[in-house]
Amino acid sequence: MKNIFSIFCVCLMLAACSSPARQDKQDDTCSFSQDDFPNLIRIKNVPERQGDSELYLFSDLGAWSGYALPENESGMYAGAFIGPMVMTGGGWTARSLAEPVLIVNGKKYDLARNVQTVKYLPGKLIQTFKDDRLRFVTELCFSTSRTASVRSVITNLSSEPLRFTLTWQGGVFEQASSLTPLEKGIRVCYPFFSRWRAKQGNKQPVDEINIAVCFPTADEIHIVGKDSIRAVEKRDFLLRPGKVYQSEITQTLVLKGENLEKELETVSALSMDQCFENNARRWNQNIHTLLTSDSPYMEEDAYRNIVIKAMMTLNTNFRSAAGDLLHGCSFPSYVGFIGGCWSWDAWKIATGNVLYNPEGAKGDMLALFDYQADNGMVPDFIGYNKSRNNWRDTKPPVASWGAMNVYKAMGDKVFLEEIFDKLYKFHQWWYAERDHDRNGICEYGSTDGTLIAAAWESGMDNGVRFDDTKMLENEVDNAWSMNQESICLNSFLYVDKLALAEMAVVLGKQELADKLRRESEIIKQYVQEKMYDEETGFFYDIRLETGELIKVMGAEGWLPLWAGIATLEQAEKVKRNMMDAKLFNSYLPLGTLDISHPALRPVRGYWRGPVWFDQVYFGIMGLRRYGYVEEADFLTRKFMEHAQGLMTDGPIHENYNPLTGEALNSPNFWWTSAVMMK
């Protein structure tokens, strides 16, 4: 797999670095494991209430639940795992469902005072407590997509026998929850209510989850009051010198309509130790896969850390099939983007996911196409609840590029056969419903005639180039176009044609492949001749009625380099603009608007200046494509070193301030992470 893309580097940009194979480094790289990457992302936080949505957490295996670590500085909840939080938008179910209370030789053992380490490792959480008498280690990993397993081991380090009593206590936030006993556990039926509906007089729950907290090694399990859990693991248990005692807990969370009993039956057949061994094997293999690269960046700890942080972020954002999501797919983030998948986001994320989670990458590609309309349109967004699917617009056509990346990594021809017709139908839709003057060059648009939806369709929602745009009604019903042909859209369509042609050859459709390649030449000639300005040396959108260039210099202007459309002379001039400190080579380079523009809004601008990493990727890869390797390396390192939090334990963010590097908008963001891995 690694030889197909020159992949598994710090990012998509780093992957393209050319360097001799580092055979002497392979053995060192292969030796990395989970333990070498502790606390790359800080997830130590405790919710005050159910709706605390800005707190960070860990998830795995496509689970719809996640957990955090306690803040050991406060001493609260030491030894507990915080949560779970529900990824459907319901928020935190609890501060903790199982907090340990340890009594040793008749006195309470102060876990907070004896904390040694609290770690978020790739794939699991672990807390270690120790004094001269004993060591208490508790760790959590996901054993299935619905169940987290907690293994806690007490070791007698002294030369004398110890008597301990271990109790687990916990409780839930929602007062309307109902707790009922299970065999060796407690079931929590947890309803979610809509505040808006409640104000309208509707107090029925909008969703419901079921949680089973099981204590297979405990002696006593009790429901306390209406919302609390207490399990006595052992009372006055005699632990001889050098001996260990192992406690086991499982926390299962299933969504509405899912079978809790079936999941519990599956979990009961699993060995706790085997679950943790499987977890270590899987994650160590993922790490090995990502870090065995010829890139010189992999010689540096800082860049290795970034790529593993990116994988951890992607992994926590991946959700397995549930509700109306028929395939597993990735959310942009679990902070602010709960409840579904966005189209071009998912297609980009697939190029990162395939590097270590190929089945998840296929899900990212197929999930949106599960809802493809008869006319070929793919919705902008699909939700856990399909009533929220967004059909006002779609997103830029990077689907074939993403699918081809998945195929090249996996060699799965069956996947290609499954998705090809859907991709081609989507490609044809653009020319049927987004080419107002039928000249083979497309525009962004919407189904409801609104400019805001058309701007969303570009993926660059409030870009300055759309400020004076008007909407035009097309010949087809419910099809509207902007009155401008966009340079980014037609660069994407150019790549879309070439990717589809490549797939068509694999599938034995040579005639179609030839047709698509001929059509791509039409786009190339048009872009080179009509959408490029010699005076400024940049590519721009073009006004439909007049052919006038819309001279706003933004990230879309280097897409023709990424696509391979620009001539050598055009690429040289675009490169100069990208490297100009007064335009794009700012403190954090390659923002979405040149920094001299009067409409620049570096902090609250969203697409009016902030740096988005996917656009940085397109720019860097475009420079490399035309041989500007030194410039690409310079901008790559500059970005990595100046983006706030990237080289510390901060999360990877949606975008960044080009003037200061300040992290902006949603943390733990998926496509930023995806393109850091390819």
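The values are calculated or read from the model by the stated rules, or taken from the named source; none is laboratory data. What you see is a predicted model; the values in this text were computed from it and never measured. We place every Cβ from the backbone using ideal geometry, glycine too, and count neighbours over all the protein chains shown. These accessible areas exclude ligands, DNA and RNA; they are computed on the full protein's heavy atoms, side chains included. Shrake-Rupley method; radii C 1.70, N 1.55, O 1.52, S 1.80 Å.
Filter the trypsin sites (Lys or Arg not before Pro) in segment 387-463 to those in DSSP coil with at most 13 other Cβ atoms within 10 Å of their Cβ, and list the result.
Answer by residue number: 438.
Select from segment 441-519 those trypsin sites (Lys or Arg not before Pro) which occupy a DSSP coil region and have at most 16 other Cβ atoms within 10 Å, ordered by residue number.
Loop-located and lightly packed - 470.
For the chain, take the longest principal axis of its alpha carbons; what is the angle in degrees between that and the long axis of helix 358-369, to the nearest 10 within 0 to 90?
The angle comes out near 60 degrees.
Determine the equivalent ellipsoid of segment 228-296 by diagonalising the alpha-carbon gyration tensor, then write out the semi-axes as square roots of 5 times the eigenvalues, largest first, rounded to whole Å.
They are 33, 25, 11 Å, listed largest first.
Dividing the Cα convex hull volume of the chain by residue count, how many Å³ per residue is that?
For the chain, the hull spanned by Cα atoms encloses 162 Å³ per residue.
Kindly provide the helix-only [θ] at 222 nm of the chain, computed as the sum of -39,500 (n - 2.57) over DSSP H runs of four or more divided by all residues, to the nearest 500 deg cm²/dmol?
-10000 deg cm²/dmol
Helix 613-625 against the longest principal axis of the chain: what's the angle in degrees, Cα atoms only, rounded to the nearest 10?
Roughly 50 degrees, rounded to the nearest 10.
Using a 1.4 Å probe, what is the accessible area per residue for the chain, in Å²?
37 Å²
Between the alpha-carbon centers of segment 590-604 and segment 458-507, tell me the distance in whole angstrom.
Cα centroid to Cα centroid, the span is 23 Å.
Over 23 Å between Cα atoms, which of 348/425; 130/309; 497/638; 309/497; 256/422; 119/362 qualify?
130/309; 497/638; 309/497; 256/422; 119/362
Please determine, in degrees from 0 to 90 and to the nearest 10, the orientation of helix 343-353 with respect to the longest principal axis defined by the Cα atoms of the chain, where the helix direction is its Cα long axis.
Orientation of helix 343-353: about 60 degrees from the principal axis.
Take every Cα pair under 8 Å in the chain that's 6+ residues apart, average their separations, divide by the length, and report that relative contact order as a whole percent.
13 percent
Among 335, 480, 153, flag the residue with its Cα farthest along the positive direction of the charge dipole of the chain, charges on Cβ as +1 for Lys/Arg and -1 for Asp/Glu.
After comparing all options, I get 153.
Just how far, in whole angstrom, is segment 607-635 from segment 281-316 if you go by their alpha carbon centroids?
Segment 281-316 and segment 607-635 have Cα centres separated by 21 Å.
Let me make sure I get this right: for segment 541-640, a, b and c are the square roots of the gyration tensor eigenvalues over alpha carbons, sorted descending. Under 1.5 in a/c it's rounded, otherwise prolate if a/b > b/c, else oblate. Which is it?
oblate
Under 13 Å from the Cβ of residue 475, count the other residues' Cβ atoms, weight Lys and Arg +1, Asp and Glu -1, and hand me the total.
-3
How high is the FRET efficiency between residue 237 and residue 505 when r is their beta carbon distance and R₀ equals 51 Å, given to the nearest 0.05?
Once the sixth-power term is evaluated, E becomes 0.15.
Post the alpha-carbon centroid distance, segment 124-173 to segment 330-393, in whole angstrom.
Rounded to whole Å, the Cα centres lie 38 Å apart.
Order of 657-665, 148-156 by packing, highest average Cβ count within 10 Å first?
Going from most to least packed, we get 148-156, 657-665.
Can you tell me the length gained on complete extension of the stretch residue 374 to residue 132, counting 0.36 nm per residue apart and subtracting the Cα distance?
Taking residue 374 through residue 132 to full extension adds about 80.2 nm, to one decimal.
I need the GluC sites (Glu not before Pro) found in segment 520-591, filtered to DSSP loop residues with at most 14 other beta carbons within 10 Å of theirs.
Of the GluC sites (Glu not before Pro), the ones in loops of segment 520-591 whose Cβ has at most 14 other Cβ atoms within 10 Å are 534, 535, 545, 548.
Using the Karplus curve 6.51 cos²θ - 1.76 cosθ + 1.60 with θ = phi - 60°, work out ³J(HN,Hα) for each residue of segment 269-279 in order, rounded to whole Hz, and write x for Gly and Pro.
8, 8, 7, 4, 4, 5, 4, 6, 5, 4, 4
What percentage of the solvent-accessible surface of the chain, computed with a 1.4 Å probe over protein heavy atoms, is contributed by carbon and sulfur atoms?
Whole-percent figure for carbon plus sulfur exposure: 47.
State to the nearest 20 debye the size of the charge dipole of the chain about its Cα centre, where the only charges are +1 on K and R beta carbons and -1 on D and E beta carbons.
1920 debye
Return the sequence-ordered ³J(HN,Hα) values of segment 80-93 in whole Hz as given by the Karplus equation 6.51 cos²θ - 1.76 cosθ + 1.60 applied to θ = phi - 60°, using x for Gly and Pro.
8, 10, 7, x, x, 9, 9, 7, 7, x, x, x, 7, 7
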